[in-house]
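Read the structure below first, then the notes.
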């Protein structure tokens, strides 16, 4: 029952539209919206980690990203990059730092955000294979990489 509760809490944290409430009631600064989305991922993983254990926290990281990207109340899907970042801050900070370094470097070289995101997710996936210590962690990186890469490929790499 505790596993089910933590997974439902993670999905509901991902579904909640904190960014719309923030834009409506407060100043629409995108940095604060990114921080709020990161906090959603951190909260879901920490809740599952302390309530049930680390194995369920990995699955709750996937569920919170799915809840953020595909909410049940709307056909509009959002990018789950910052929510995944918040979840991975707790689960694997070293691989996350490497992926953001690849993102920033490729953004400076290519000046295409979607291409840089795809390269960063690919680097994240490769380094997670190399540096992952458990099968569960590798499974988490694989699923998050597929979700984030599919979102960036759908939007396209090059501007019109």
Quiz item: Which helices (runs of 4 or more DSSP H) does the stretch 6-94 wholly contain that include 2 or more residues that are outside the structural domain of residue 113 (by TED's automatic domain parsing) and under 11 Å from the mean Cα position of the chain (by Cα)?
Solution: 30-51, 54-69, 81-91
Self-check item: Test for residue 102: is it crowded, with 17+ Cβ neighbours inside 10 Å, part of a helix (DSSP H, G or I) and at pLDDT 90 or above
Solution: yes
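Any idea which of 16, 33, 107 is free of Cβ contacts under 8 Å to residues at least 60 places away in the same chain and either surrounded by fewer than 16 Cβ atoms within 10 Å (Cβ to Cβ) or within 17 Å of residue 145 (Cα to Cα) (or both)?
Criteria check complete, one pass: 16.
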Quiz item: Any residue at all in the stretch 37-58 that is at positive phi and modelled with pLDDT of 85 or more?
Solution: yes
Quiz prompt | Members of the stretch 59-89 found to be more than 15 Å from residue 147 (Cα to Cα) and either touching a strand residue (DSSP E or B) at 6+ places or on another chain (Cβ under 7 Å) or touching a residue at least 24 places away in the same chain (Cβ under 8 Å) (or both), listed by number | solution = 72, 73, 86, 89
Practice problem: Identify the residue in the stretch 124-147 that is farther than 14 Å from residue 63 by Cα and modelled with pLDDT of 75 or more and, among all such residues, is surrounded by the most Cβ atoms within 10 Å (Cβ to Cβ). | Solution: 124
Quiz item: For residue 109, are the conditions met, namely being modelled with pLDDT of 85 or more, assigned to a helix (DSSP H, G or I), on the phi < 0 side of the Ramachandran plot and in contact with a helix residue (DSSP H, G or I) (Cβ under 9 Å, 6 or more places away or on another chain)?
Solution: yes
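The values are calculated or read from the model by the stated rules, or taken from the named source; none is laboratory data. Just so it is clear, the model here is predicted, and its values are computed rather than measured. Neighbour counts are summed over all protein chains in view; Cβ atoms, including those assigned to glycine, are modelled from backbone coordinates with ideal geometry.
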